[in-house]
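The values are calculated or read from the model by the stated rules, or taken from the named source; none is laboratory data. Model, not experiment: these values are computed from the prediction. Cβ atoms come from the backbone with ideal geometry, glycine included; neighbour counts cover every protein chain shown.
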Amino acid sequence: MSGADEYPSLWLHQVRRSYKQGESALDILCGAELALWPGETVALIAPSGAGKSTLLHIAGLLEKPDGGEVYVAGVPTAGMEDAQRTTLRRHQIGFVYQFHHLLPEFTALENIMMPQMIAGLAKGAARQRSEELLGYLGLGKRMEHRPAELSGGEQQRVAIARAVANGPRVLLADEPTGNLDPRTADHVFQALSQIVRATGLAALVATHNLDLAARMDRRVTLRDGLVVELP
Ligand code: ADP
């Protein structure tokens with residue numbers, strides 16, 4: 001067992017978040033507790049308004065909780081300066097959204113090279129890693145295509161490759177297959193699972209797709225501001 005495996009990839013500990021609503025406060029997270037371990041894929045299933053986006057934003061260090069702590073691979077982040085959090089996010093956390101958000105004027109390959117170069121990798125090394133990732137996801141023949149020249153499923157697979165380009169510990173996905181037909185959703189989910197197993201990262205996937213959720217390692221929901229395990 002490597003040293004890093006002693007810690008969860010991500011641990012939300014006693015996380016609290018509320019929004020002001022006029023005079024009162026809207027409590028969204030009230031001491032939420034969630035640990036994601038390396039190689040694990042966890043489905044987050046909850047009705048609209050329950051706080052999924054809030055949880056994902058806090059997990060992704062995009063938003064600070066009002067209380068509690070977010071540990072990334074054992075490192076506490078609450079006391080970090082913004083620049084430090086940004087660096088940690090860039091290297092350790094990948095995001096996949098419902099809509100791919102690929103840059104339309106760049107090729108699939110360039111879209112994946114970019115975050116690596118922003119993180120400081122040399123162009124040649126970024127290109128090599130991007131080619132490997134695209135090949136691994138079955139997109140070896142699509143590297144020079146722009147997003148508009150790719151199918152919806154291919155676009156999402158490129159978005160997954162981009163999300164893991166910097167070798168993050170944690171992958172956060174918000175309805176990654178929400179915009180796809182069932183068969184394509186299945187292919188995209190397989191690609192995601194393949195990457196999680198191959199790299200040992202941990203994935204938290206917000207989804208309404210119960211078939212896909214059933215194939216993940218665990219399922220959780222949000223109830224009264226807490227993370228609750230589902231059977
Ligand atoms: P979900 O993603 O599960 O639909 P959200 O995390 O987006 O839920 O939102 C949870 C609740 O918090 C909702 O009732 C929403 O209206 C409220 N909320 C979210 N963001 C804000 C904000 N910036 N200011 C005030 N209320 C917010």
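Assess whether ARG197 counts as being under 16 Å from the mean Cα position of the chain (by Cα), in a helix (DSSP H, G or I) and within 21 Å of ALA59 (Cα to Cα). Yes, satisfied.
Condition check ((1) touching an Asp or Glu at 6+ places or on another chain (Cβ under 7 Å); (2) surrounded by fewer than 15 Cβ atoms within 10 Å (Cβ to Cβ); (3) part of a helix (DSSP H, G or I)) across all residues:
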residue	(1), (2), (3)
GLU110	no, no, yes
MET113	no, no, yes
GLY124	no, yes, yes
ARG129	no, no, yes
GLY140	no, yes, no
GLU144	no, yes, no
ALA148	no, yes, yes
ALA165	no, no, no
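Here's the yes/no breakdown for (1) closer than 25 Å to ALA214 by Cα; (2) modelled with pLDDT of 95 or more; (3) exposed (fewer than 14 other Cβ atoms within 10 Å of the Cβ):
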residue	(1), (2), (3)
VAL42	yes, yes, no
ALA46	yes, no, no
MET80	no, yes, no
GLN84	no, yes, yes
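When we screen GLU63, GLU69 for residues that are more than 25 Å from PRO231 (Cα to Cα), outside any loop (DSSP other than H, G, I, E, B) and free of Cβ contacts under 8 Å to residues at least 60 places away in the same chain, the only hit is GLU69.
Restricting attention to segment 15-60, the residues that are free of Cβ contacts under 8 Å to residues at least 24 places away in the same chain and within 9 Å of the ligand (Cβ to nearest atom) total 8.
Here segment 1-60 is the region considered, the condition is being among the acidic types (Asp, Glu) and part of a strand (DSSP E or B), and the residue that is farthest from GLY225 (Cα to Cα) is GLU33.
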